[in-house]
Amino acid sequence: MRKDEIAAAQAYVRLLEATRAALADPDDAPLYIPLLASPMAEADEALRGAGLSGNEERLFSLVRALRPSLTGSER
């Protein structure tokens with residue numbers, strides 16, 4: 001794994017966690033959705049920089065390697 005790939009996978013995980021938090025309470029979601037702009041931009045830039053835009057198979061492979069609990073790979 002290259003450093004830029006690790007950074008991209010970590011940015012994706014942060015976006016995923018931020019999205020889950022923002023949508024945890026449907027009543028408050030409209031309030032928090034705008035806060036996802038920054039993590040989305042970060043993930044987008046990191047994916048492009050690592051050459052992972054459009055390469056979901058490689059991205060998810062990296063995410064599984066970093067955080068198996070997100071994908072159920074630890075079973």
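Structure summary
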quantity	calculated
In Å, descending, principal axis extents of the Cα set of the chain	39, 32, 18
Top positive-direction residue, dipole computed over the chain with Cβ charges, set Leu59, Ala11, Ala43	Leu59
Relative contact order, percent, the chain [alpha-carbon distance under 8 Å, six or more residues apart]	41 percent
Packing-based ranking, highest mean first, of 25-37, 1-13, 57-69 given that Cβ atoms within 10 Å are counted	1-13, 57-69, 25-37
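Where a number appears in this text, it was derived from the coordinates with a stated rule and is not lab data. No experiment lies behind these values; they were computed from the predicted model shown. Using ideal geometry, Cβ is built from the backbone for each residue, glycine included, and neighbour counts are taken over all protein chains shown.
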